[in-house]
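Nothing in this text is a laboratory measurement; each read-out follows from the coordinates by a stated rule. On a predicted model such as this, the values are computed, not experimentally measured, just so you know. So basically every Cβ, Gly included, is an ideal-geometry build from the backbone, and we count neighbours across all protein chains shown.
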Amino acid sequence: MTVSAAWATRPLVITVYPHDELADISDEQLHERYFQHWLEEMRSFTDHPIEVIYQRSIAGLTDIDYHALAPHQLLDTFTDEIQAQRSGRPFSYMNKDLLLTQARYGTSGMLPTAGLPHPSDTTAVASTHSPSDPGHELGHLLSATHEQAQISYNGWPCESYMVPTRTSLRGNCYTYSAANRAAIRNYLRYNSD
């Protein structure tokens, strides 16, 4: 009996932890606004199985006082707590954990931070400031880079997920560039066994 390649590989599991400040927004609303277009993009260039799971009201994770922390402190605090609370789960680069905050946080120069990842690792923080912020940070977790970002034209200039500094003069393409798609496919292929 043979098993199809899609079922033989380990699925990519994205666990989203909406911060307690987002309690009035349902998982369905969050999914539709921040993750559906990302899933559609992923499924346009890979048939790798992907799951998005929402976990709420978890002490130490969804109640982190992110306004009081510098961006790297926030990411490290979230990562440490994930490791402590999920210690029974076998480690896999195919398990990604994302803290979703209501607001941007910290400062980077004069601009607040909209997200921060451990690139090509398993944890990141993204704000709901822009619908593309979670896709940007998930891209980093899957080895996509700013350097391979792209500005396209689909009737109006638009930015791929990995454009590092967004401008209101351009729209969101809700896509990765061809180079970042290739990097993500390679990441999934290499880490899914």
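DSSP beta bridges fully contained in segment 18-134 are about 45 percent antiparallel.
When the Gaussian network model of the chain links Cα atoms closer than 10 Å, the mean-square fluctuations of Leu169, Leu74, Leu30 top out at Leu169.
Backbone geometry of segment 16-30 corresponds, through the Karplus equation with coefficients 6.51, -1.76 and 1.60 at θ = phi - 60°, to 3J(HN,Hα) couplings of 9, 10, x, 4, 4, 5, 9, 4, 7, 10, 5, 4, 4, 5, 4 Hz, x marking Gly and Pro.
Taking Cα centre as origin and charging only the Cβ of basic (Lys, Arg, +1) and acidic (Asp, Glu, -1) residues, the dipole magnitude of segment 33-107 rounds to 100 debye.
In the chain, the calculated helix contribution to ellipticity at 222 nm averages -8500 deg cm²/dmol per residue, counting -39,500 (n - 2.57) for every DSSP H run with n ≥ 4.
The magnitude of the dipole of the chain, with charges of +1 and -1 set on the Cβ of Lys/Arg and Asp/Glu and taken from the Cα centre, is near 600 debye.
Set against the labelled values [x] 15.4, 45; [y] 15.7, 50; [z] 16.4, 59, Rg and Dmax of the Cα atoms in Å computed from this structure falls on [z].
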